[in-house]
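This is the structure, below, for whatever I ask next.
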Amino acid sequence: MRQNDERMRIAQEFFRGLPHLNALGGRLTGFGDARAEIEMDWRAELVGDPRTGVLHGGVVSALMDTCGGAAVMAHPDNPSGTATISLRIDYMRAATPGQKLRARAECFHMTRKVAFVRALALDDEEDRPVATATGSFTVER
Amino acid sequence: MADRNEPLDRVKSRRDAGIAAIVAAIPYISWLGIRFDRRGDELTAVMPFSEKLIGNPMLPAIHGGVTAAFLEIAATVELTWATLWDDLESGRMVPDAAVPLATPRLAKTIDFSVDYLRSGLPRDSYARARVVRLGRRYSSVQVEAWQDNRDRPFAQANGHFLMPQGG
């Protein structure tokens, strides 16, 4: 576990240096065992529909893409880098305005060059996902 | 339908106001700094490069999530534009650039599938979308983004959308 804590600390430092994640206000809240979690607060500038205050789908995509990459980096094979090859997102419902948005991703398979990821986007109602995603990512070794 | 003797500046300002009303309805478009160029009914989404779009500062490269969002915005704006065009041209709808479009007229994304073809450089990006099928309830849109060379896209996507009802 201590080793995981150390990796989490290094990962948090790395993710704090990502300009777009900072611009979104995203924070790495989980990292290890091929899984990652990132959360962000609701903000008016990121809204897609001002009459309802619902965040734009692009924000959800950005968060899940980042989280998917983080899950690849959190794989025990310890890749040195990754990039998204493809990402498919299914939007189940609108994220509730004012609530935190959280992405959880898992790298469920890794070959020498490709990593396969699934991800969820959640608000406070965790048993009703906002969106799901599947993606493939490159593996740099 | 369209009156061929209508003054050209009025035609242009009406169309530009239509685009502005769509863009004004979605705050996230401005947050990313995206604007739209129009030639007749053809739209090009333009995303000028800025620091906050960077995902990996070591390369640097545009964030994959930003690319996805850019494609999705280009697709939804094109789709909304396509649904408004007839009303706009016939004068049934007179948009005011300063007034955001009533949001029930915006389609909802059902799914969106992005292919990353090469890494997004720290340059301006462009995207054009094509409504492959415009349905009463569901629509399908294809979109492609490029930077320096039109024939070397850095990302493409396909999405399905739920159309606004009773708009």
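The values are calculated or read from the model by the stated rules, or taken from the named source; none is laboratory data. No experiment lies behind these values; they were computed from the predicted model shown. Note that we place each Cβ from the backbone using ideal geometry, even for glycine, and neighbour counts take in every protein chain shown. Only protein heavy atoms, including side chains, enter the accessible area calculation; ligands, DNA and RNA are left aside. Shrake-Rupley method; radii C 1.70, N 1.55, O 1.52, S 1.80 Å.
I'm trying to understand the selection: among the residues of region B:107-124, which are open to solvent by 40 Å² or more (accessible area, probe 1.4 Å) and of a type in the set (A, V, I, L, M, F, W, C)?
Selection gives B:Ile110, B:Leu117, B:Leu121.
A further question follows. Kindly indicate which of B:Ala82, B:Ala98, B:Ala157 is within 14 Å of another protein chain (Cβ to nearest Cβ) and either in contact with a Phe, Trp or Tyr (Cβ under 9 Å, 6 or more places away or on another chain) or on the phi < 0 side of the Ramachandran plot (or both). Walk me through how you get there before you give the answer.
Numbers: B:Ala82 fails: within 14 Å of another protein chain (Cβ to nearest Cβ); B:Ala98 fails: within 14 Å of another protein chain (Cβ to nearest Cβ).
Residue meeting the stated conditions: B:Ala157.
Over 15 Å from the mean Cα position of the chain (by Cα) and of a type in the set (S, T, N, Q): does that describe A:Thr111? Before the answer, list the steps.
Numbers: over 15 Å from the mean Cα position of the chain (by Cα): yes; of a type in the set (S, T, N, Q): yes.
It is true that A:Thr111 is over 15 Å from the mean Cα position of the chain (by Cα) and of a type in the set (S, T, N, Q).
Taking region A:35-61 as the search range and keeping residues that are under 16 Å from A:Arg7 (Cβ atoms) and open to solvent by 10 Å² or more (accessible area, probe 1.4 Å), which one is farthest from the chain's Cα centre (by Cα)? It would help to see each step written out before you state the result.
Restricting attention to region A:35-61, the residues satisfying the condition of being under 16 Å from A:Arg7 (Cβ atoms) are A:35-38.
Those still in the list that are open to solvent by 10 Å² or more (accessible area, probe 1.4 Å) too: A:35, A:37.
On the way: A:Arg35: 10, A:Glu37: 6 Å.
Out of the qualifying residues, it is A:Arg35.
Which is under 20 Å from A:Ala133 (Cβ atoms) and aliphatic (A, V, I, L, M), of B:Ala98, B:Ala74, B:Ala82?
Numbers: B:Ala98 fails: under 20 Å from A:Ala133 (Cβ atoms); B:Ala82 fails: under 20 Å from A:Ala133 (Cβ atoms).
None of the others qualify; the one that does is B:Ala74.
Residues that are more than 7 Å from chain B (Cβ to nearest Cβ) and exposed (fewer than 15 other Cβ atoms within 10 Å of the Cβ): does region A:62-74 have at least one?
Among the residues of region A:62-74, not one is more than 7 Å from chain B (Cβ to nearest Cβ) and exposed (fewer than 15 other Cβ atoms within 10 Å of the Cβ), which makes the answer no.
Tally up the residues in region A:42-61 that are within 7 Å of chain B (Cβ to nearest Cβ) and in contact with a Phe, Trp or Tyr (Cβ under 8 Å, 6 or more places away or on another chain), please.
The number of residues fulfilling the criteria is 9.
A further question follows. Return yes when A:Arg141 is touching a residue at least 40 places away in the same chain (Cβ under 8 Å), closer than 19 Å to A:Ile10 by Cα and over 17 Å from the mean Cα position of the chain (by Cα) and no when it is not.
Values: touching a residue at least 40 places away in the same chain (Cβ under 8 Å): yes; closer than 19 Å to A:Ile10 by Cα: yes; over 17 Å from the mean Cα position of the chain (by Cα): yes.
So A:Arg141 fits the description; yes.
Additional query: Are there any strands (runs of 3 or more DSSP E) wholly within region A:1-90 with 1 or more residues that are under 25 Å from B:Leu59 (Cα atoms) and without any contact (Cβ under 8 Å) to a residue 60 or more places away in the chain, and if so which?
Numbers: elements: A:27-32, A:35-40, A:47-49.
Filter on region A:1-90 gives A:27-32.
Scan region A:112-141 residue by residue and report those that are open to solvent by 50 Å² or more (accessible area, probe 1.4 Å) and either within 14 Å of A:Ile85 (Cα to Cα) or assigned to a strand (DSSP E or B) (or both).
Initial filter on region A:112-141 (open to solvent by 50 Å² or more (accessible area, probe 1.4 Å)): A:112-113, A:116, A:118, A:120, A:124-128, A:134, A:140-141.
Those that are open to solvent by 50 Å² or more (accessible area, probe 1.4 Å) and either within 14 Å of A:Ile85 (Cα to Cα) or assigned to a strand (DSSP E or B) (or both): A:Lys113, A:Phe116, A:Arg118, A:Leu120, A:Thr134, A:Glu140.
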